[in-house]
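This report refers to the structure that appears directly beneath it.
Throughout, read-outs are computed from the coordinates displayed, never taken from laboratory work. Source: prediction; values computed, not measured. Because the Cβ atoms are built from the backbone with ideal geometry, glycine has one as well, and the counts that use them run over all protein chains shown.
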Amino acid sequence: MRRPKSKEFRKQQRLSEQEEINLLNSWIQFQPPDSGSNPMSLPQLPKNSPIGRLEENTYSRYAGASRFGQFPLSKKTKDALREAKFVVMTDIQRASLPHALCGRDILGAAKTGSGKTLAFIIPVLEKLYRERWGPEDGVGSIIISPTRELAGQIFDVLKDVGKHHNFSAGLLIGGRKDVDMEKERVNELNILICTPGRLLQHMDETPNFDCSQMQVLVLDEADRILDSGFKKELNAIISQLPKRRQTLLFSATQTKSIQDLARLSLKDPEYLSVHEESVTATPSLLKQIVMIVPLDKKLDMLWSFIKTHLQSKILVFLSSCKQVKFVFEAFKKLHPGIPLKCLHGRMKQERRMAIYSEFCEKRSVLFSTDVAARGLDFNKAVDWVVQVDCPENVASYIHRVGRTARYKSGGKSVLFLLPSEMQMLEKLKAAKVPVHFNKPRQELLQPVSSLLASLLVKYPDLQHRAQRAFITYMRSIHLQKDKDIFDVMKLPINEYSASLGLPMTPKIRFLNQKIKSKAVSTKSILVEPEDSSKDNVLEVSRNKIDTDPFKDEKIENDLLQLADAANEDEVKTSEIEEIIPATRVLKKKKLKINVHRPVGTRVVFDDEGNTLPPLARIADTQSGKEALLLDPEQKAEYYRRMRDDLKKADKEDKLVERQRLREKRIKQKMKWKAGNEEEDDQDDISGSEEDETVNRRHKKSKVYFDSDSDEGETNEMAGNARTSTGAATLEEQEALALKLLNSMHS
């Protein structure tokens, strides 16, 4: 057992730490980089140049240094960096660290895989160390990530680099059930690495959660966090943070929006885009291919690609969760000869992390949504990134292909574009993305549509997945903002449905509404505005004639003659009556009675439903047949027969009503189920992969009516709490009403 450190040793340690902090502060303030400058423009320091204090009040230059050992960093940080084999800095680290150590706000942009994580973790550790931050000081830094996987990856790097420091750090992400344990310990943490949703949950629910003394705020993948998907969460978080703080923003595609920067209250931020003047916007060792693939051939091309690259690690991007589920389940049943995995935002956190770890270690194919497009660094390099569906913009493309060719390793990517999406190719070239256009080799194409059709027959649940995948893809195209590239009306819908193996094309409600609205707008263009001179009947008829394109030749000739007659100066009233019937009533005109219309006639029916002459009823009365009903016996017999007929009709009506209610309930269930599926599809294409709140619908509780009678005779009826009024006959209801009335009067 280790002996506890003596009081004298701890005192000496505190003194040495204080001396080191004083040295670091003096070193940083001695020769800071000029505001607005890029330290990469300065000459590099020689490898064996003296470091630290040179004379009494002079220190070595650190701006422009290329090694971590040449920077004013604490001994604990340098030891951890050396043990993790971080020796030489990357471009973004050389450019941002000098400004960040001086306490300035940073806007850092660099290519994917260029070491941005270390560029903000080191300043966080050094800031808290120089402030002598302890567990009793509470939250000192918050690092926000858009996805759970990226937050976990940052937490792992922090554990490696900060293992010699005494700071407490915590990972706060959604998908976990131990929220109560987090609430107990979150106030004791110094560094929080979190997703926006879980951080806001603790701010709203955790008692005494205080961020008023926070020193550093970091937004990783800042452009993703600042977009509309996280707007409400981020605004609520920023409102609870102190104004005086250091803010660091890093991403591969950085924002320059003044509105976004104003939301974060940045103070004279340093914009450092180390690869802005680079020839390409993506890593130089990344080979990028674009192929024109029709929509109904995409799955054939994907299947053929997987079958010809069985020894590679492939990352496949699709638009929605439903597509990922369907393609994964279908291809898994076809046994391509390589392990298949899927990753999407609807999965539980433990499962997501397990799949991520498995894919890092083994060669396999991972079908994923954009949840894996941001920041993830796989231990073993990804060989191919396949984008089956076109990304929404150039920034999404850069982040997707950035999962391969990390740092100094190579990689390849392929993008499937539809013929209607060719403008994306021009936008990629305009953004300095070097893509090569290749034609697919038709002899290597292996059709898979017929195999999918047989699978859908064999597995009915797979057919439902195919329908949802079809609808969610169409919805994702419909919701895209760039209509020059994404136009759902140009897609071969029926052919795409058949390529998924579906026997019939599913109904697309939003597409039908769009077609109807388009037809209405076209019709409104054809109809001319109403003329103020509506008193001229011939003018009105001529306008309607001109706008009607569906007339045969005979009618068209007649109308031309009418139009010529309308041009005459004097028109006789008889000619007007021939053109427009007298029975026609114009708009905004008073209705008049037309005496030429036929007069209404009175129709009489007997008990059997047969029509009778109008005078037949009078004849029966005069002949004495009606008088027979005045006889009491005949009257009783008549009512008895009527009662029997009503009982028969009552039974039939009950059966019909029961059947009607059953059909109504079935329709409501189907409608409710379809509504749930549509809401799932809507959430499925949501930009945010943060915590999904599931809105559960509860069934309406049935309402039963009890009898209010206090008499002993009705105890049996009162004991039955679920008496259905619809099941009682008319006589029973009358008897029940009489009993209730008697009980009220007694």
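How high is the FRET efficiency between Met422 and Ser16 when r is their beta carbon distance and R₀ equals 56 Å, given to the nearest 0.05? Spell out each step's value before the answer.
Details: r = 65 Å, r/R0 = 1.16.
FRET efficiency, Met422 to Ser16: 0.30.
May I ask you to derive the FRET efficiency for Arg658 and Ala737 from their Cβ-Cβ distance with R0 = 30 Å, giving the value to the nearest 0.05?
Numbers: r = 24 Å, r/R0 = 0.79.
Approximately 0.80, to the nearest 0.05.
Report the extension gain between Lys348 and Leu23 in nm, rounded to one decimal, defined as 0.36 nm multiplied by the number of residues separating them, less their alpha carbon distance. Intermediate values should be presented prior to the final figure.
Details: separation 325, 0.36 × 325 = 117.00 nm, distance 4.79 nm.
So the extension gain works out to 112.2 nm.
Sort out for me the Cα centre separation of segment 441-460 from segment 372-412, rounded to whole Å.
Distance between centres, Cα-based: 28 Å.
Please give the length that would be gained between Asp631 and Lys458 if that part of the chain were fully extended, namely 0.36 nm times their separation in residues minus their C-alpha to C-alpha distance (nm, one decimal). Could you put the intermediate results ahead of the total?
Values: separation 173, 0.36 × 173 = 62.28 nm, distance 7.43 nm.
Taking Asp631 through Lys458 to full extension adds about 54.9 nm, to one decimal.
What FRET efficiency do you get for Asn48 and Leu310 if R0 is 51 Å and r is their Cβ-Cβ distance, rounded to the nearest 0.05?
Values: r = 50 Å, r/R0 = 0.98.
Computed FRET efficiency for Asn48 and Leu310 comes out at 0.55.
Would you mind checking Lys322/Lys380; Lys297/Lys412; Lys341/Lys380; Lys297/Lys507; Lys183/Lys673 for any pair whose Cα atoms are more than 26 angstrom apart? Walk me through the numbers before you get to the answer.
Values: Lys322/Lys380 28 Å; Lys297/Lys412 22 Å; Lys341/Lys380 16 Å; Lys297/Lys507 21 Å; Lys183/Lys673 37 Å.
Too far apart for the 26 Å limit: Lys322/Lys380; Lys183/Lys673.
To the nearest 20 debye, what is the magnitude of the charge dipole of segment 50-135 about its Cα centre, counting +1 on the Cβ of each Lys and Arg and -1 on the Cβ of each Asp and Glu?
Details: 15 positive and 8 negative charges, 35 e Å.
About 160 debye.
How far is it, in nm, from the label point at Arg61 to the one at Met489 when both lie 7 Å from their Cα along the line to the Cβ?
6.3 nm
Toward the positive end of the charge dipole of segment 286-499, about the Cα centre and with charges on Cβ (Lys, Arg +1; Asp, Glu -1), which of Gln423, Ser304, Pro336 goes farthest?
The residue sitting most towards the positive pole is Pro336.
Under a crude label model (7 Å from the Cα following the beta-carbon direction), how far is Asn235 from Lys439 in nanometres?
Taking the simple label geometry, Asn235 and Lys439 are separated by 5.3 nm.
Out of Val218, Ala80, Met181, whose Cα points farthest toward the positive end of the dipole of segment 7-273 (charges: +1 Lys, Arg; -1 Asp, Glu; placed on Cβ)?
It is Ala80, whose Cα lies furthest towards the positive end.
What order, most packed first, do the peptides 101-109, 64-72 have when packing is the mean number of other Cβ atoms within 10 Å of each residue?
The peptides rank, most packed first, as 101-109, 64-72.
Could you give the length gained on full extension between Ala431 and Leu730, defined as 0.36 nm per residue of separation minus the Cα-Cα distance, in nm? Can you show the working numbers first?
Working: separation 299, 0.36 × 299 = 107.64 nm, distance 8.05 nm.
Full-extension gain reported as 99.6 nm.
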